[in-house]
Amino acid sequence: MRNVTESARHRCYSGLSRWSLSLTWLVFVAVAGNAAAQVGAGTIKELRGIAKVQRNGRAITATPAMTLVAGDKLETSRQSSVTIELIDGSQLILSDASSILIDRTMTSATDSKIDLFKGRLRSVVNVIAGKLPGFEVHTPNAVASARGTDFDTQYIKGKPCPGFPQCLRYTDIGVHKGTVEVRNPTSLKPNSVLVAAGYETTVPCELPPAPPAPLGIGDLTAPGYH
């Protein structure tokens, strides 16, 4: 009887031990996964007015020197703006009534992706010597891939696009320094344009980008689109 009891007790202890190890492993995986999801992306350097950060389903009031992580969504109120310094030294300047998502982990300028849902974003990319920047800004109907260092992206919804009054959503990209390649992933024509410093392009609805025109021209006409 003693041997049977001891055998049963041994099996019980062995089962508890395996269960404990399994629980420990699950906790480790959960913690590791959470740590991976909390990869640092940058820091809020300047804040004017009010901005909110959406993180893991929670709304957090933005503050100066606040650390941002990959997956954070940042939205500014009216008459507000935020300047973010990414960990690679690049800067993002988000204007009022604008919203972005830090989509991809910012390990360097060669692997950076920002989603702009509304409003205006200025991107000043820190180019690493000898490396072509892979910094991208995505809007619902455009992708701006940095080949230079300083450009604006603006997504407008609910207002007629110049030259296309029936189009009520469009993206403007203006380049201050370097070159930016622009395309429309929703277009049936996968055309892209290279926009040099001092020029801008507009991407209307599901159409390809317009040929670049001087910055501030503000009146792109229908014949300019293909």
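The values are calculated or read from the model by the stated rules, or taken from the named source; none is laboratory data. Keep in mind it's a predicted model, so treat the numbers as computed, not measured. Neighbour counts run over all protein chains shown; Cβ positions are idealised from the backbone, glycine included.
Which strands (runs of 3 or more DSSP E) sit wholly inside the stretch 134-194 and have at least 2 residues that are acidic (Asp, Glu) and under 20 Å from Val124 (Cα atoms)?
150-157
What tally of residues in the stretch 56-82 results from selecting those that are buried (at least 16 other Cβ atoms within 10 Å of the Cβ) and outside any loop (DSSP other than H, G, I, E, B)?
Qualifying residue count for the region: 8.
Across the stretch 88-107, which residue is modelled with the lowest pLDDT among those that are of a type in the set (Gly, Ala, Ser) and not in a strand (DSSP E or B)?
Step by step, filter the stretch 88-107, then rank; the result is Gly89.
Within the bounds of the stretch 188-204, is there any residue that is under 21 Å from the mean Cα position of the chain (by Cα), assigned by TED's automatic domain parsing to the domain that holds Val137, closer than 14 Å to Pro140 by Cβ and of a type in the set (S, T, N, Q)?
No, the stretch 188-204 contains no residue that is under 21 Å from the mean Cα position of the chain (by Cα), assigned by TED's automatic domain parsing to the domain that holds Val137, closer than 14 Å to Pro140 by Cβ and of a type in the set (S, T, N, Q).
Go through (1) more than 15 Å from the chain's Cα centre (by Cα); (2) assigned to a loop (DSSP other than H, G, I, E, B) and name the single condition Lys45 misses.
So the condition that Lys45 fails would be (2).
Being surrounded by 15 or more Cβ atoms within 10 Å (Cβ to Cβ), of a type outside the set (Phe, Trp, Tyr) and over 19 Å from Arg120 (Cα atoms) narrows it down to one of Asp96, Asp88, so name that one.
Asp88
Pairs under 9 Å by beta carbon, first residue outside the structural domain of Glu200 (by TED's automatic domain parsing) in the stretch 155-180, partner part of a strand (DSSP E or B), six or more apart or different chains?
none
Condition check: under 22 Å from Leu207 (Cα atoms), surrounded by fewer than 18 Cβ atoms within 10 Å (Cβ to Cβ) and hydroxyl-bearing (Ser, Thr, Tyr). Does Thr179 satisfy that?
Criteria met by Thr179.
So which residues in the stretch 195-212 are in a strand (DSSP E or B) and either free of Cβ contacts under 8 Å to residues at least 12 places away in the same chain or over 21 Å from Leu168 (Cβ atoms) (or both), if there are any at all?
Val195, Ala196, Tyr199
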